[in-house]
Amino acid sequence: MPTTWDAIYLGTVGFDIDPTEGNQTSENAALLVGQTFGSVSDPLLRNIVSVGTEDNRGFAGVLDTNRGTGNSDKLLYDIGNGPQAVTFEGGAVYQATINFTDGTSTSSIVVLVQDESGNLFFTPARTEGPLSQAYSQKPIQSLTVDSLVQDFGNLSTDRSAGNFVTCFLAGTMIATPDGPRPVEEIVAGDLVNTQDNGPQVVRWSGSRRIERMADNLKPVRIHAGALGVGLPARDLLVSQQHRVLVRSKIARRMFGADEVLVAAKHLLALPGVEIAEDVAHPVYCHLLFDDHQLVLSNGAVTESLFTGPEALKGVSEAARREILTIFPQLAKTGAAVEAQRPARPLITGRLGRKLAERHLSNDRPLVSIN
């Protein structure tokens, strides 16, 4: 299954970063030093795209620059001309200056990769760190390549997916034993109704106001009835990465499970699901339980904050410290995966979009009663 993450499309350059086959070196990597991508009038924040990886040969979990013969490793993306699957050319590690739209900047290690069509991408970091936090929390205006750090051309496919904000917008009504309550009023110690386990205690709640929005921080609006009859009961606003429940025969045929969870952004092909361009400063709210739970939000079934390996990147550093105080096991290497198991299978990337497309082509609701 391809690994998918957000990247920034930088355009094309007039040379191949890896002109010579037979090794893992990107011989022309140094030619990018001194180049600047993005500007005030054409900021990079407009060029965030979802990139998938298809690892067909060579080292497992790695796109190989030494392509040789046979089926090659590929980058999968859509930069405006429809879905593309293009052979991976190569990449390199650089020291770069990243300039943000608020006038601040940071110097950081970055990984830039190219495909055989010449398209160049700024990839997210592999793990949590200054770059991944900045990439998910501030819109990027431009990037200047300062120096070459390493010309080893292979690329690990396991990377941070960019922004991982998994939350509701303020105003969302959450089902509780005392009736629906606005999510922003729910605090630690309150009870919330869950799909699988009845009323459960909220262990932590938090919120985050987005002042300056990159495209990947804009919320998704799911209009009333877009998921099925009466679902949601009224318009529901969530972050792009927030997963909603899909229950259908199509899901069973594709994944062997009647119920699966799909990120809202992968449902955008469906009528009634759209980017909420009219929300200028969304306030994202999080609810965390002992276990990953399904809750009723404006009548639709959606997920709680999931403490998987990437989820905590979507909260502030102060919130992260607070969560780790409550759940200290999450601070241990690998414990985030073990601490919570997903309430339903998590469907990502192309498969999530394919699921939506099949429901659309078959004129079937995402949530079926039977």
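Below, the figures for the structure above:
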{"item": "Which numbered condition V49 fails, given (1) modelled with pLDDT of 75 or more; (2) within 25 Å of Q141 (Cβ to Cβ); (3) part of a strand (DSSP E or B)", "result": "(1)"}
{"item": "Verdict on H266 being buried (at least 16 other Cβ atoms within 10 Å of the Cβ), assigned by TED's automatic domain parsing to the domain that holds D190 and modelled with pLDDT of 90 or more", "result": "yes"}
{"item": "Condition broken by P309, with the remaining ones in (1) under 17 Å from the mean Cα position of the chain (by Cα); (2) modelled with pLDDT of 65 or more; (3) not aromatic (F, W, Y) satisfied", "result": "(2)"}
{"item": "Cβ-Cβ under 9 Å pairs, at least 6 apart or on other chains, the range 247-263 side in contact (Cβ under 8 Å) with a residue 60 or more places away in the chain and under 13 Å from S368 (Cβ atoms), far side β-branched (V, I, T) and surrounded by fewer than 16 Cβ atoms within 10 Å (Cβ to Cβ)", "result": "R247/I369"}
{"item": "Residue satisfying condition, being within 22 Å of R350 (Cβ to Cβ), at pLDDT 75 or above and surrounded by 16 or more Cβ atoms within 10 Å (Cβ to Cβ), within set V86, V93, V110, V62", "result": "V86"}
{"item": "Selected residue (criterion: farthest from L236 (Cα to Cα)) from residues of the range 277-289 that are in contact with a Lys or Arg (Cβ under 9 Å, 6 or more places away or on another chain) and surrounded by fewer than 15 Cβ atoms within 10 Å (Cβ to Cβ)", "result": "H281"}
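The values are calculated or read from the model by the stated rules, or taken from the named source; none is laboratory data. The model shown is predicted, which means the values in this text are computed figures rather than measured ones. Cβ sites come from the backbone with ideal geometry, for glycine too, and all protein chains shown count toward neighbours.
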